[in-house]
1. Modelled with pLDDT of 95 or more, small (Gly, Ala, Ser) and under 17 Å from residue 15 (Cβ atoms): which single residue out of 122, 90, 134 fits that description?
2. Which residues, taken from region 112-139, are of a type outside the set (Ser, Thr, Tyr) and in contact with a Ser or Thr (Cβ under 9 Å, 6 or more places away or on another chain)?
3. Assess whether residue 100 counts as being of a type in the set (D, E, K, R) and in contact (Cβ under 8 Å) with a residue 12 or more places away in the chain.
4. Among the residues of region 85-104, are any part of a strand (DSSP E or B) and surrounded by fewer than 17 Cβ atoms within 10 Å (Cβ to Cβ)?
5. Can you tell me which of (1) part of a strand (DSSP E or B); (2) closer than 15 Å to residue 20 by Cα is the one residue 107 doesn't meet?
Amino acid sequence: MTKSNVIYRIYDVRVIDHFGINCANWDESKAFYDKVLGVLGYTRQMDFEVAIGYGKEGKPDFWIADMNAGDAAGPNREVHFAFQAADTAAVQAFYDAAIEAGAESLHPPRLWPEYHPGYYGAFVRDPDGNNVEAVFHGAAPES
């Protein structure tokens, strides 16, 4: 076990929750990531036909998306990354701070049940056009 693994296990800290890239060669990219991530033990955890989340044990950590489909299409082919938040208040604070700092709002804080129950996130566009998210995974589902 490396020193960084020990530190990770002691503090159980993750800054980046998940991230994603857009792929111009969709069919080739799917085959490539299926193969190279497969040998590392990662599999498709979610598949929306134009976006695939790879990970382990039901948790997609790395996403690929078809650059020519849906919201990924167009001149702004940004990177997406999500920071882990401690609770829903932290997601709201992230969103408020980002808007105050001049970010463009993509999605205000809310539950995203299509990802999983309890997924609470907010999305903004940073000054370079990247899609930045804060996410908390333990929010109570709406009733």
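1. 122
2. Residues satisfying the conditions are 122, 123, 124, 125, 136, 138, 139.
3. No: the conditions fail for residue 100.
4. Yes, the conditions are met somewhere in region 85-104.
5. Failing condition for residue 107: (2).
The values are calculated or read from the model by the stated rules, or taken from the named source; none is laboratory data. In this text the structure is predicted, and so the values were computed from the model without any measurement. Cβ atoms come from the backbone with ideal geometry, glycine included; neighbour counts cover every protein chain shown.
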